[in-house]
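Where a number appears in this text, it was derived from the coordinates with a stated rule and is not lab data. Bear in mind that the values here come from a model prediction, so they are computed numbers and not experimental data. Cβ coordinates were reconstructed from backbone atoms using ideal geometry, including for glycine residues, and neighbour counts include every protein chain displayed.
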Amino acid sequence: MSGENLQIQRIDTSRHSARRGIAELRRRLSPQGDVVSEASRQRTIEVFGEALSPVEVVDRICRDVRVQGLDAVLDYTRRIDGAELTAESIRASEAELRKAYEAADPEFLRSIRRVRENIAEFQDAILHRDTRVDRHDGYLVQRYRPLRRAGLCVPGGAAAYPSTVLMTAVPAQMAGVKELAVVAPPTPFGAYNPDILAVCHELGITEVYRLGGAQAVAALAFGVEGIPQVDKIVGPGNLFVALAKKHVYGEVHIDSLAGPSEVVVIVDRSTEPEFTAADLIAQAEHAPGASVLIGWEAEGLDAAVAALEQMLGRLERGDLARQSLEEFGAVILARDAEEACALTDEIAPEHLHIATEDADVLAEKISSAGAMFLGNYTPVALGDYAAGPSHVLPTSGTARFASGLSANDFLRANSIIHFGLEGLQSLARDVRVLATKEGLTAHRESVDLRLSRTAQTS
């Protein structure tokens with residue numbers, strides 16, 4: 001293959017097994033606590049006075065926040081983020097939100113409103129509704145009710161993400177959640193970012209806290225002075241956010257344990273090489289981000305890699321993307337389309353772009369992907385920003401069993417069962433048989449007692 005200047009992993013399945021390389025990529029990108037930079041290691045020593053693993057860091061922060069409350073939150077915000085905040089300044093004021101909104105670019109606000117409508121339309125269309133099943137002398141209902149309160153994590157380390165506010169808040173609002181609390185780091189890209197604040201104001205969100213990392217997750221999960229406990233925490237974040245969500249799961253619900261962003265792009269000869277290169281770089285520029293290119297025609301892969309090399313040299317974040325491509329990328333030459341689909345199903349990627357002539361046909365052969373993008377004119381960026389489904393998606397192979405965030409994730413389901421006497425009689429025999437088998441005689445008696453009492457009075 002061409003493009004030798006880019007040191008990206010190459011796998012030819014006719015000569016090598018792709019599975020070992022895929023497994024290694026997944027391990028290195030999974031949120032298990034072992035993928036940290038040297039700078040992060042040094043920062044941990046500065047903050048804690050000793051070398052701790054990310055899991056140990058998160059355990060200590062969560063423990064301290066649970067015991068000490070807001071004092072621990074403010075202390076860790078000072079030590080980790082370098083932000084001197086108080087109980088009053090930790091929350092963006094109504095005046096700050098309004099000021100950011102009034103100063104926002106009108107075209108930006110118009111885009112926000114259009115995107116909000118796209119998200120709302122899609123989320124409303126897929127929203128669970130109450131379902132009733134009628135039985136003899138009775139009925140069953142599956143009932144859905146919204147969560148009372150949700151916490152939304154918005155990243156703010158290397159870039160500002162107003163899109164994440166939309167992609168987490170609008171599904172929650174469509175489900176009917178009344179209270180939303182946004183947490184974003186106390187940085188120019190986070191809770192001090194005017195675009196983030198303007199979007200929150202546009203959506204009617206009044207709780208915006210200048211908090212990031214594990215201390216933000218812990219504050220939402222346990223509740224501290226001035227920040228009531230939430231029922232569920234959603235949204236992306238760094239390794240420490242993912243590990244903190246894992247730590248507090250059970251105290252509250254969470255959406256997923258997200259790792260770095262990832263994409264698989266499947267190509268054939270019909271695919272435009274520059275389109276492919278742009279799609280791969282779009283994920284790699286998250287740094288880290290995993291970009292895997294799969295095809296069964298060597299010429300198409302060669303052309304895409306050559307386009308990658310040319311494009312990396314002229315993009316603003318090209319150096320970061322190159323580093324990710326070389327560390328977490330792969331180009332896989334499969335034997336045929338069937339093998340390409342099978343390998344993709346094994347990877348179970350967050351984003352899957354099938355940029356081939358028969359994209360819809362191949363999509364039917366693949367079941368494990370967070371979101372699928374079909375055809376040359378459906379880049380992943382459409383889903384990231386504007387289409388309608390949330391861009392909060394399962395990563396690190398978890399699309400095997402997990403789904404992307406939606407309005408339904410903010411609903412609780414419970415069943416309602418109602419029977420009259422005849423309905424009780426119709427089910428009594430089966431209840432009696434099973435309860436007797438299990439030795440739960442009081443269960444059986446709860447039915448028999450009602451039937452015998454009715455027989456005595458009739």
key: Whichever lysines have a C-alpha closer than 24 Å to that of LYS246, once near sequence neighbours (fewer than 8 apart) are set aside   = LYS232
ask   = Among rounded, prolate and oblate, which fits segment 234-363 when a ≥ b ≥ c are the square roots of the eigenvalues of its C-alpha gyration tensor, a/c under 1.5 means rounded, and a/b larger than b/c means prolate?
value = oblate
inquiry  = So if I take the centroid of the Cα atoms in segment 121-200 and the same for segment 41-114, what is the distance between those two points in Å?
reply    = 20
Segment 174-300 shape via C-alpha gyration tensor axes, a/c threshold 1.5 = prolate
remark   = Restricting to lysines and to Cα separations under 17 Å from LYS365, and discarding same-chain partners fewer than 8 apart, the set is none
Qualifying GluC sites (Glu not before Pro) for segment 221-305 [loop in DSSP, other Cβ within 10 Å: at most 14] = GLU225
key: Over the chain - Rg/Rh using Cα atoms and the Kirkwood inverse-distance radius   = 1.06
note = Rounded to the nearest Å, the spacing of the alpha-carbon centers of segment 414-433 and segment 246-282 is 48
